[in-house]
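The values are calculated or read from the model by the stated rules, or taken from the named source; none is laboratory data. Note that the coordinates shown come from a computational prediction; the quantities given were computed from them, not determined experimentally.
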Amino acid sequence: MKALSSLAAHLSVQGYDLVVIGSFYGLDAFQRKYGVPLNDGTGKWSITAAWQSGLSNGANVGEIIGEYSHVYNEQRTNELTINHRTHVCWYSS
């Protein structure tokens, strides 16, 4: 039960990261640094679909690996980690 409550708390907070990465695609500075220029004569830039897919899926994979490793280490040491305590304090405020 402890593992499930820890996993639920982290998924709800860490899920925010998955939303934020999508916001970067629309930023001009991000588009100019990592994108390609459009050929429509407007001078605008765009992030390619391959990069958008890779960044989004990379965030998902990192999320899953991080959550499983956190729960495994928490069960192994039989104590709450600092990260989990921070999330609990954040929820209670």
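Table for the structure above
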read-out	value
In the range 14-52, residue farthest from residue 70 (Cα to Cα) [restricted to those that are at pLDDT 90 or above and small (Gly, Ala, Ser)]	46
Subset of the range 54-86 that is among the hydrophobic types (A, V, I, L, M, F, W, C) and at pLDDT 75 or above - its residue that is nearest to residue 19 (Cα to Cα)	59
